[in-house]
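Here is the structure we will look at.
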Amino acid sequence: MPEYVTVRVKRQDGLDSPSYWETFRIAYQPRMNVTTCLQQIALNPVTLEGRKTTPVAYDAACLEEVCGSCTMNINGSVRQACSTLVEALRKENPNEITLEPMTKYPVMRDLAVDRSRMFRDLKRIKAWIPVDGYYDLGPGPRISPKLQHQLYPYSRCMTCGCCTEACPQYTKDNRFIGAFAISLTVLFNSHPTGAVLKEDRLKELMEPGGISECGQAQNCLRVCPKSVPNVTGIAQGYRQVTAQWFKNLFSR
Amino acid sequence: MSATETPSIPWLDRNHFLLRRMHSLTGIIPVGAFLIEHLLTNSGSWYGAARYNKDVKWIQDLPFLFVLEWGFIFLPLAFHAIYGFVIALGAQMNATSYPYLNGWRYTLQRITAYITLSFLIVHLLKFRFAWILGGPVFAEAADWFVLTRQGLLHWHVGGVYVPAWITLSFYVIGLTAAVYHFANGIWTFAISWGVLGGPDSQRWFQYVCLLVGIVMCLWGYISLWGFVIHG
Ligand code: FES
């Protein structure tokens with residue numbers, strides 16, 4: 001059992017400030033995760049060299065891998081700080097843990113990034129089921145257990161952004177909506193009530209930044225912590241878009 | 001609202017999806033289809049000069065050859081290359097951080113695109129627009145087989161003699177890159193046109209594409225070898 005954990009953090013004081021590295025050494029506790037490490041640093045923000053510094057800023061909310069807010073690059077690959085155990089990281093690199101903010105979003109401070117682009121894109125594809133009304137709409141349509149079974153995996157998406165971070169086609173300067181948004185398009189298009197907005201959603205998928213931005217690198221499937229079937233989502237998205245495209249071509 | 005308030009959407013954006021579809025389609029038809037035709041004609045070299053020249057003559061005698069060549073090969077190829085280049089420039093390759101098979105396949109698709117394009121430019125300037133890079137031998141119109149063989153084994157460019165092994169290696173690399181780009185392109189084409197609806201169909205179809213790629217590579221090597229063995 002190690003006595004200490006060495007954590008190297010890529011820090012940044014504000015939106016447009018330059019980044020710099022700081023290293024911390026904290027006491028090892030059994031079963032600790034990366035968020036615990038950051039909490040320990042906050043308790044005593046002193047670097048390895050003994051210099052007093054500010055606590056490292058980071059996001060966290062649920063602490064059980066369901067909100068996605070603590071997503072960051074840990075040892076160079078994107079995942080959640082709250083569910084990544086130090087013990088597991090020691091197998092990757094026994095000497096130190098590197099923490100870096102996500103690279104596809106503006107860094108607000110240290111490890112906290114602004115992922116509002118994802119939220120804007122969810123609005124863009126109308127990632128909801130339109131049931132708002134001022135009167136009782138009655139019971140919704142029945143959904144077969146088979147369909148429920150097919151759709152449930154998509155609904156696990158927590159908009160953490162791992163798929164966008166690992167995607168070579170999703171960059172800071174383009175408009176790609178990313179795998180999560182395409183998978184969610186398929187989810188809401190497949191819901192009997194959600195299908196009301198199907199054409200609007202497919203229209204968005206055909207716009208710049210839409211599905212044709214995908215380059216089939218399929219990293220989105222490999223890195224998704226919630227095992228969302230992104231490859232199926234994108235394949236089905238392509239199928240729906242192709243059908244819609246031919247329909248648009250020939251039905252007017 | 002006056003008309004001036006309507007934001008003007010750039011032409012490229014307005015036709016975004018159509019252009020992406022055309023980029024995907026031109027890779028298969030006509031560019032990929034031409035690659036197959038080209039290998040078919042060239043593999044005649046395996047049977048010697050007489051057979052090869054007969055087939056080339058048949059092509060040279062096609063009606064409206066100019067239109068066929070520019071409309072079905074050069075223009076679609078140029079569009080596929082230029083638009084593809086623009087797409088590729090917008091990406092951030094990361095296969096070293098996420099070393100998964102599909103990530104590598106994606107990266108290779110782009111690398112082979114650059115190799116194929118460089119190869120094709122030299123190949124065209126050497127044989128199709130031979131007065132540019134083909135060397136003096138092309139000045140005298142003669143036997144096509146002999147010309148091609150000269151170009152592969154005794155290539156002089158700008159007074160420099162290129163050893164046969166360099167030219168041949170260049171052709172093997174260019175051909176392999178083009179075939180990879182085409183075979184993997186069939187796979188991505190089938191996904192982006194909605195034919196392969198999920199990972200299972202993608203898995204078995206990748207073996208079909210692999211087989212197509214291997215067969216086409218061997219086919220191309222045989223064609224090259226035909227020019228070496230028939231002196
Ligand atoms: S804090 Fe919610 S996923 Fe980590």
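Quick notes on this structure:
- Residue within the stretch B:175-186 that is aromatic (Phe, Trp, Tyr), within 30 Å of B:Leu147 (Cβ to Cβ) and crowded, with 18+ Cβ neighbours inside 10 Å present: yes
Okay, residues lined up against (1) facing chain B (nearest Cβ under 10 Å); (2) surrounded by fewer than 20 Cβ atoms within 10 Å (Cβ to Cβ); (3) in contact with a Lys or Arg (Cβ under 7 Å, 6 or more places away or on another chain); (4) closer than 28 Å to B:Ile111 by Cβ:
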| residue | (1), (2), (3), (4) |
| --- | --- |
| A:Arg175 | yes, yes, no, yes |
| A:Leu221 | yes, no, no, yes |
| A:Gly233 | yes, no, no, yes |
| A:Tyr238 | yes, no, no, yes |
| A:Ala243 | yes, yes, no, no |
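- Residue match in the stretch A:136-157 (condition: assigned to a loop (DSSP other than H, G, I, E, B), surrounded by 21 or more Cβ atoms within 10 Å (Cβ to Cβ) and touching a residue at least 12 places away in the same chain (Cβ under 8 Å)): yes
- Residues (farther than 18 Å from A:Gln29 by Cβ and either near the ligand (Cβ under 9 Å from one of its atoms) or under 17 Å from the mean Cα position of the chain (by Cα) (or both)) located in the stretch A:76-105: A:Gly76, A:Ser77, A:Val78, A:Arg79, A:Gln80, A:Glu100, A:Pro101, A:Met102, A:Thr103, A:Lys104, A:Tyr105
- With respect to the conditions (1) within 14 Å of the ligand (Cβ to nearest atom); (2) in contact (Cβ under 8 Å) with a residue 40 or more places away in the chain, A:Cys70 lacks only one, and its number is (2).
One line per residue, one yes/no per condition, for (1) surrounded by 13 or more Cβ atoms within 10 Å (Cβ to Cβ); (2) on the phi > 0 side of the Ramachandran plot; (3) not charged (D, E, K, R):
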{"site": "B:His16", "(1), (2), (3)": "yes, no, yes"}
{"site": "B:Met22", "(1), (2), (3)": "yes, no, yes"}
{"site": "B:Leu25", "(1), (2), (3)": "yes, no, yes"}
{"site": "B:Ile29", "(1), (2), (3)": "no, no, yes"}
{"site": "B:Phe34", "(1), (2), (3)": "yes, no, yes"}
{"site": "B:Ser45", "(1), (2), (3)": "yes, no, yes"}
{"site": "B:Ala49", "(1), (2), (3)": "yes, no, yes"}
{"site": "B:Tyr52", "(1), (2), (3)": "yes, no, yes"}
{"site": "B:Asp55", "(1), (2), (3)": "yes, no, no"}
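- In the stretch B:7-20 there is no residue matching the filter, namely being among the polar types (S, T, N, Q) and either in a helix (DSSP H, G or I) or in contact with an Asp or Glu (Cβ under 7 Å, 6 or more places away or on another chain) (or both).
- Taking helices (runs of 4 or more DSSP H) as the structural unit, those lying wholly within the stretch B:41-136 and holding at least 2 residues that are within 14 Å of chain A (Cβ to nearest Cβ) correspond to B:75-89, B:101-123.
- Some residue of the stretch A:17-26 being touching a residue at least 24 places away in the same chain (Cβ under 8 Å), more than 16 Å from the ligand (Cβ to nearest atom), under 15 Å from A:Ile97 (Cβ atoms) and small (Gly, Ala, Ser): no
- Residue check for B:Ala33: within 14 Å of another protein chain (Cβ to nearest Cβ), part of a helix (DSSP H, G or I) and not charged (D, E, K, R): no
- Residue count for the stretch B:172-207, restricted to those that are part of a helix (DSSP H, G or I) and in contact (Cβ under 8 Å) with a residue 12 or more places away in the chain: 23.
- When the test is whether a residue is within 16 Å of the ligand (Cβ to nearest atom) and over 22 Å from B:Tyr98 (Cα atoms), A:Asn33 passes it.
- Within the stretch A:21-56, considering residues that are within 18 Å of A:Cys82 (Cα to Cα) and among the hydroxyl-bearing types (Ser, Thr, Tyr), the one nearest to the chain's Cα centre (by Cα): A:Thr35
- Just one of (1) within 15 Å of the ligand (Cβ to nearest atom); (2) more than 14 Å from chain B (Cβ to nearest Cβ) fails for A:Met108. It is (1).
Read-outs throughout are calculated quantities, based only on the coordinates presented, and are distinct from any laboratory measurement. Since the structure is predicted, the reported quantities are computational estimates derived from the model, not experimental observations. Note: ideal-geometry Cβ built from the backbone for every residue, glycine included; neighbour counts use all protein chains shown.
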